[in-house]
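One structure is given below, encoded as structure tokens.
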Amino acid sequence: MPDTSSAGPSVSASTFLAGDFDVAVVGAGHAGCEAALAAARLGARTVMFAISLDSVALMPCNPNIGGSSKGHLVREVDALGGEMGRNIDKAFIQSRMLNTSKGPAVYSLRAQADKARYSAEMRKVLENQPNLTLRQAEIVDIRAENGEITGIVSETGALYKCRAAVLCAGTYLRARCLCGENVRQSGPNGLRAAYGGLREALGRLGVRFFRFKTGTPARIARSSVDFGKMEIQYGDAVITPFSFDNEEAGLSREQVFCYLTYTNENTHRIIRENLGRSPMYGGMIEGTGVRYCPSIEDKVVRFADKERHQVFIEPEGEDSGEVYAGGMSTSMPEDVQVSMYRSVAGLENCALTRNGYAIEYDCVDATQLKLSLEFKSLRGLFSAGQFNGSSGYEEAAAQGLIAGINAARLVKNAPPATVGRDEGYIGVLIDDLVLKGTKEPYRMMTSRAEYRLLLRQDNADARLTPKGYEIGLVPREKYDKLVTKLRLTEDELKRVGEVVVPPGAEINGFLRQMGSAALTTGARLRDLIKRPELDYARLAPFDTARPVLPVPVAEQVNIRIKYEGYIDRQAQQVREFQKTEQRKFPPDIDYGKIPGLRLEARQKLEALRPESLGQASRVTGVSPADISVLMVWLHKDARHNIS
């Protein structure tokens, strides 16, 4: 067992009691905000710390929320009672539904944000939340006794007693930023990094760390961009809210344009000629970067056959004079950055306002955590967000929400609340991090969710709002709204299944126009909706008894009918999955005494301590043969306990 009697850095000699709280949240990024709000809303006396309160809900990289698979996470956070969805609905300046040419399982909402407004609106919510105190301070020590968290200490020696703490350090812990040969100890956006001793304090508690890297593009003066040479990217005419609390009509506003341009051979030549000055290729960077969001120099090297790469020019805010060059993240020296950006169409005369940079930081090995995001070795200490090795605002918010909920539940002596892989993308995210671990910044993708047809963003409320209501984060009004939506959906599904559309000139003319077979006899409306070229909305003129329904209800009716067979098949897969999840291991299981288990499997299982057979099957290094051995052992153990 690790030593949990941390003496802390030298500052501890002059500590003084500054406060007594139930829950302390370290960090005020997207994970910290959700954790603090969840804990406070569940009745825990909560304090949240930030190195700078000007960095609350900061967007140091891309100025948007959502996107492929990430939009699912935001809607799930909202369904559970979190804040991110409501906040982006206040602060968006352009909204688009992505992947609409594909099936609804991969539809993903993405909103361009006014970065300053997003931060300001979130801070306003935090400052007006009962049970929540905000403090600007760097936390440098963790106090624990007998394996339980007892408090945290700031750099000024202020001791804050607490029964639970949530670490949401993001990319600040021992961070350093690199721009060519220039290396400085700094957090994102030039903010101060955390070098005060927290890393050492956690090390004394036995916490294991990784060193990861991410990066960001340069920011460019809007006035220096020739938008006429770029393709306009429009927002949707009909806005889909992120939050289930909001209606489309209440979000209508004039949207800004985003733009698309491309790199070219000249851009790639400039990069190739200067690779020796790149921190990444010059050996200066120690951390592991994001595979699915590479820098532009990495793209040019890894995809040498590509003649061009997309560059998205996005405004940082409605009134901001800066734009973001999405797709051109870089840590090249400043002079190289200027040359390569100016080689892009529309950026020939661009003026950089902020250089692109890479940032390295310490993060924890998430396999040390339970599914509740509590450390296995230290009761009351939780971890969330990029500090767990993930990337992205949305992944951070999802983890922060779960960690905050469970910190408050621990204080109340309530069992932890988790989301399963079969219940949400949040469950997939946390399950992957905790059971499989990650050797690089983890990014959520739809392909990681094996039940993605059931885990759509449109039904996040049906999946998770009852859980949020049971936990205590979702108010009765929101829960009742869901109950009404579900009732209307079921009533309409039943009605549509009973409506028969007779053959006739009008319907057959319409069907021929749509490329669909004409009717010779009456057909159930439900069967017509199932045809690929038809849908619920298109058939409205031939359904005269149709009630007026809210758009989300009509959407559910259409999806449920068109994908009925696939949904039923996946639901059966989930039932099989749940059987293995329900086969629990005894807490004191000794894998070393189970005959037939391979050595690697024993070591991995002993280190990760999965709670069920299903979890064990997802541990890297545990084979199907090992699972068969465990199944036999569980059967024998159950018979032994019964007898």
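The values are calculated or read from the model by the stated rules, or taken from the named source; none is laboratory data. Here the structure is a predicted model, which means the values were calculated and not measured. Using ideal geometry, Cβ is built from the backbone for each residue, glycine included, and neighbour counts are taken over all protein chains shown. These accessible areas exclude ligands, DNA and RNA; they are computed on the full protein's heavy atoms, side chains included. Shrake-Rupley method; radii C 1.70, N 1.55, O 1.52, S 1.80 Å.
Check residue 120 against each of (1) of a type in the set (Gly, Ala, Ser); (2) open to solvent by 40 Å² or more (accessible area, probe 1.4 Å); (3) within 30 Å of residue 414 (Cβ to Cβ) and name the one condition it does not meet.
(3)
Output yes when any residue across segment 220-239 is in a loop (DSSP other than H, G, I, E, B), open to solvent by less than 30 Å² (accessible area, probe 1.4 Å) and in contact with a helix residue (DSSP H, G or I) (Cβ under 9 Å, 6 or more places away or on another chain), and no when none is. Steps first, answer last, please.
First, pick out the residues of segment 220-239 that are in a loop (DSSP other than H, G, I, E, B): 225-226, 230, 234-239.
Checking which are open to solvent by less than 30 Å² (accessible area, probe 1.4 Å) leaves us with 225, 230, 235, 239.
Now drop any that are not in contact with a helix residue (DSSP H, G or I) (Cβ under 9 Å, 6 or more places away or on another chain), which leaves 239.
The answer is yes; a qualifying residue exists.
Would segment 393-404 turn up any residue that is touching a residue at least 40 places away in the same chain (Cβ under 8 Å), part of a loop (DSSP other than H, G, I, E, B) and either within 30 Å of residue 282 (Cβ to Cβ) or among the charged types (D, E, K, R) (or both)?
No, the conditions are met nowhere in segment 393-404.
Considering only residues that are more than 19 Å from residue 59 (Cβ to Cβ), touching a Leu at 6+ places or on another chain (Cβ under 9 Å) and open to solvent by less than 60 Å² (accessible area, probe 1.4 Å), which ones fall in segment 123-133?
Selection gives 129, 132.
Across segment 287-341, which residue is nearest to residue 221 (Cα to Cα) among those that are aromatic (Phe, Trp, Tyr) and open to solvent by less than 20 Å² (accessible area, probe 1.4 Å)?
In this case the residue turns out to be 324.
Can you tell which of 509, 472 is out of contact with any Leu (no Cβ under 9 Å at 6 or more places or on another chain), modelled with pLDDT of 95 or more and either on the phi > 0 side of the Ramachandran plot or not aromatic (Phe, Trp, Tyr) (or both)? Let's see the steps before the verdict.
Working: 472 fails: out of contact with any Leu (no Cβ under 9 Å at 6 or more places or on another chain).
One residue alone meets the criteria, 509.
Identify, by number, the condition in (1) closer than 27 Å to residue 436 by Cβ; (2) open to solvent by less than 80 Å² (accessible area, probe 1.4 Å) that residue 562 doesn't meet.
Single failed check for residue 562: (1).
Within segment 14-73, can you find the residues that are more than 22 Å from residue 317 (Cα to Cα), open to solvent by less than 20 Å² (accessible area, probe 1.4 Å) and part of a strand (DSSP E or B)?
Of everything in segment 14-73, those that are more than 22 Å from residue 317 (Cα to Cα), open to solvent by less than 20 Å² (accessible area, probe 1.4 Å) and part of a strand (DSSP E or B) turn out to be 19, 23, 24, 25, 26, 46, 47, 48, 49, 50.
For a quick check of your reading: which helices (runs of 4 or more DSSP H) sit entirely within segment 454-538 and have at least 3 residues that are closer than 15 Å to residue 549 by Cβ?
On the way: elements: 460-471, 476-498, 505-513, 525-530.
Result: 476-498.
Tell me, which residue of segment 443-495 that is aromatic (Phe, Trp, Tyr) and more than 18 Å from the chain's Cα centre (by Cα) is most open to solvent (accessible area, probe 1.4 Å)?
Residues of segment 443-495 aromatic (Phe, Trp, Tyr): 451, 469, 479.
Subset that is more than 18 Å from the chain's Cα centre (by Cα): 469, 479.
On the way: 469: 76, 479: 60 Å².
This residue is 469.
If residue 127 meets every condition in (1) out of contact with any His (no Cβ under 9 Å at 6 or more places or on another chain); (2) under 28 Å from residue 163 (Cβ atoms); (3) touching a residue at least 12 places away in the same chain (Cβ under 8 Å) apart from one, which number is that one?
It fails just one condition, (3).
Could you pull out the residue among 111, 91 that is under 30 Å from residue 236 (Cβ atoms), crowded, with 19+ Cβ neighbours inside 10 Å and without any contact (Cβ under 8 Å) to a residue 60 or more places away in the chain?
Working: 111 fails: without any contact (Cβ under 8 Å) to a residue 60 or more places away in the chain.
Of 111, 91, the one residue that is under 30 Å from residue 236 (Cβ atoms), crowded, with 19+ Cβ neighbours inside 10 Å and without any contact (Cβ under 8 Å) to a residue 60 or more places away in the chain is 91.
Looking only at segment 347-371, how many residues end up being part of a loop (DSSP other than H, G, I, E, B) and either modelled with pLDDT under 95 or surrounded by 20 or more Cβ atoms within 10 Å (Cβ to Cβ) (or both)?
Step one: of segment 347-371, the residues part of a loop (DSSP other than H, G, I, E, B) are 347-351, 355-356, 365, 370-371.
Of the ones still in play, those that are also either modelled with pLDDT under 95 or surrounded by 20 or more Cβ atoms within 10 Å (Cβ to Cβ) (or both) are 347, 350, 355-356, 371.
Adding up the residues that qualify gives 5.
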